[in-house]
Amino acid sequence: MGIELLIFADHSDTSDVVYHVPLTYRDAPLEGAEKYLLGTSDHAILGERFIYDAAGDPVFAAQARELLAGKVSAQHRYESFTEDPRIKLCADTTGKDAVIIRRPVASKPAQAGVLGIWENALGQELSGLVLRTA
């Protein structure tokens, strides 16, 4: 099982529209989550993977609660077994459910959650809330 919180910035114009796309990867279909299935892919080592919108995956929900509680940390996208220090937890929110923010905005959040990072069209690193508490 794998989890990724991807952030894509649309730089086709100067508006810098940002999308947060959390995904889960499984080695078998997730029963009852057909509407969240985005597709499949073939991993060179792991074989067929079923890719889901993480909003419909109970493992994601549990791990997001752990992240919000500060019990797990975000891992670096390219360096195995390495935390990504740029991903910040804004407050300890132990035991609270996570709400996915699909369109983060570049600013400091007023409420507790997880800050993600991306670059704008000028190459500047920005951050904004990608998960908040319910």
Amide H neighbours of Lys88 under 5 Å, at least 5 residues apart or on other chains, H built in the peptide plane: list them. Leu115
Please give the contour-minus-distance gain from Val59 to Asp27: 0.36 nm per residue of separation, less the Cα-Cα distance, rounded to one decimal in nm. 10.2 nm
Per 5 Å bin, what percent of the C-alpha pairs of the chain does each bin hold, from zero upward? 2, 10, 18, 21, 20, 16, 10, 3, 0
Hey, what's the Kirkwood Rh for the range 22-66 if you take every pair of different alpha carbons, in angstrom? 10.8 Å
Net charge dipole size for the range 2-133 [Lys, Arg +1 and Asp, Glu -1 on Cβ; Debye, nearest 20]: 500 debye
Any chance you could give the angle, 0 to 90 degrees and rounded to 10, that helix 58-68 forms with the longest Cα principal axis of the chain? 30 degrees
Test of understanding: given the chain, find the longest segment containing no GluC sites (Glu not before Pro) that are in a DSSP loop and have at most 14 other Cβ atoms within 10 Å. 80-134
Regression test value, accessible area per residue of the range 2-133, probe 1.4 Å, units Å², expected 61 Å²
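The values are calculated or read from the model by the stated rules, or taken from the named source; none is laboratory data. Keep in mind it's a predicted model, so treat the numbers as computed, not measured. We place every Cβ from the backbone using ideal geometry, glycine too, and count neighbours over all the protein chains shown. All accessible areas refer to the heavy atoms of the entire protein, side chains included, with ligands and DNA or RNA removed. Shrake-Rupley method; radii C 1.70, N 1.55, O 1.52, S 1.80 Å.
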